[in-house]
Structures are given as structure tokens and as C-alpha cells.
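Peer 1: Quick one: this structure, given as C-alpha cells, is what I'll be asking you about.
Where a number appears in this text, it was derived from the coordinates with a stated rule and is not lab data. Keep in mind that this is a model prediction, so the values were computed, not measured. Cβ: placed from backbone, ideal geometry, glycine included. Neighbour counts: every protein chain shown.
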């Protein structure tokens, strides 16, 4: 019995040591986490072809931030996609029994008769007197007010798309604004689009998308915000690139 009492504190100390070692190991892994491979930035033009991905607030690496972006505001999904009706060219078949210059274009299917200025036909004119009585009625008109599209939240490298950059996806017509950033986006030409749920996120997947920049964000505002968070390597890389030190940003691992 005394031996058991002496062994119990030792077991507790060994257990605490093991737990502490695992905790420190986990912290070390976080500090040594490698940044994604650096890509040279795209040219800043009004139209770009960009790799896009999707994310949502229920992902494991975003749960601690709930549904809020890097600025502290709430994440928003964009309005539904706009499907445009395309003009369809209708080809009219030419019958073998018809002349080359005569085509069947009437809905009834009856061939049009050749036109001749020499042909004369009797014309009968009928004149009628019609009395028209005007009545005044009040008509209530419903005025439709179009709602502005809901701008979705997007995450990106703020040195390439500064915070506040607003753009349109040309394939869907949806509008997004850069309000967030992420570890996997640092030094990459990728824009992450926020989706309301996992189903929409998985449906989008990863796509190469043409976008139109509607408004560029402010690089100085982005730099001012990020400078106070340089303890994280992915933010440090964005700061270096915003300062014009692209080689240092590329060398950061």
C-alpha cells in the first residue's frame, strides 16, 4: 500500500510531462508551418483571369472566427447568380422545290408568292363612320423597385487585391468585396469566395474565373492594418510585398 501511494505522484508527474511535451510540440509545429509556394503577382488590370476557391465559416480552420472577417465585420454570401438569356440564331431551311431566292419564312408554312409590279388587282374601299366614347378610369400602377445586389465577402492576398477591392464574376454576374485573408492565400493569385454553407462551397470547388475589377482597394489602408499583425508569417509576407520588397516576400518560408 505505501508503494502505491509513492508511485501515484510519480505517475501524475510523468503524465503532466508528456502532456506538456505534446503541447509544446504542437506550438512548434504551428511556428514552423511552411507558407504556400510564392507566385509572382498578376498585372493590375481591370480584367483578370483568376483562380478561385470557396470557403465557409463552418470549416475547421475558420470556426474560431465564427462568421466574421478579418476586419471584424460579418461575412456575407453574394446574391444568386444572374443567368443571362442568349440570342439563338434560327436557321430557315430552303426547300428543293422552291427557287433559290424564295425561302419559307411564314409560321403557317405557306410559301410566299413572288412579287410583281406588273400584276394588277381590284381594290375595294369601305368607309365606315364610328363613334368613339371616351371614359376616364383611374388605373393603379405598381412600381417595381429593384433591390441592389448583395455583395459577397472574399478573401485574398491584400498585397495583390487590397482590402475593399470590389469585383464582378463575369460568368455569374455576382459581385464580391475583399474583406478577409488566409494562410493559404499569402503570395498566391487565388481569391477565396465566401459561401453560406458547405453545399455551395463544395459545388463551387476550384475554378479559373474571369473577373472585372469595379474598384481597387487602398494598399496603404491594407498595410496599416497588417503591420500590427506581423507575428504571423503569412501576414509578414503580405506586408513585405506591400512595401515593394517582392524578393523578400518570395524568400519567406
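Peer 1: At a Förster radius of 35 Å, what calculated FRET efficiency corresponds to the Cβ-Cβ distance of residue 82 and residue 138, to the nearest 0.05?
Peer 2: That gives a FRET efficiency of 0.45.
Peer 1: Let me ask something additional. Subtract the Cα-Cα distance of residue 71 and residue 245 from 0.36 nm times their separation in residues, and report this length gain in nm to one decimal.
Peer 2: 60.2 nm is the gain from fully extending residue 71 to residue 245.
Peer 1: Which of the peptides 195-203, 149-157, 237-245 is most tightly packed, and how do the rest follow, going by the mean number of other Cβ atoms within 10 Å of each residue?
Peer 2: 149-157, 237-245, 195-203
Peer 1: A further question on this structure: Give me the number: length gained by fully extending residue 228 to residue 213, i.e. 0.36 nm times residue separation minus the C-alpha to C-alpha distance, one decimal in nm.
Peer 2: Length gained, residue 228 through residue 213: 2.6 nm.
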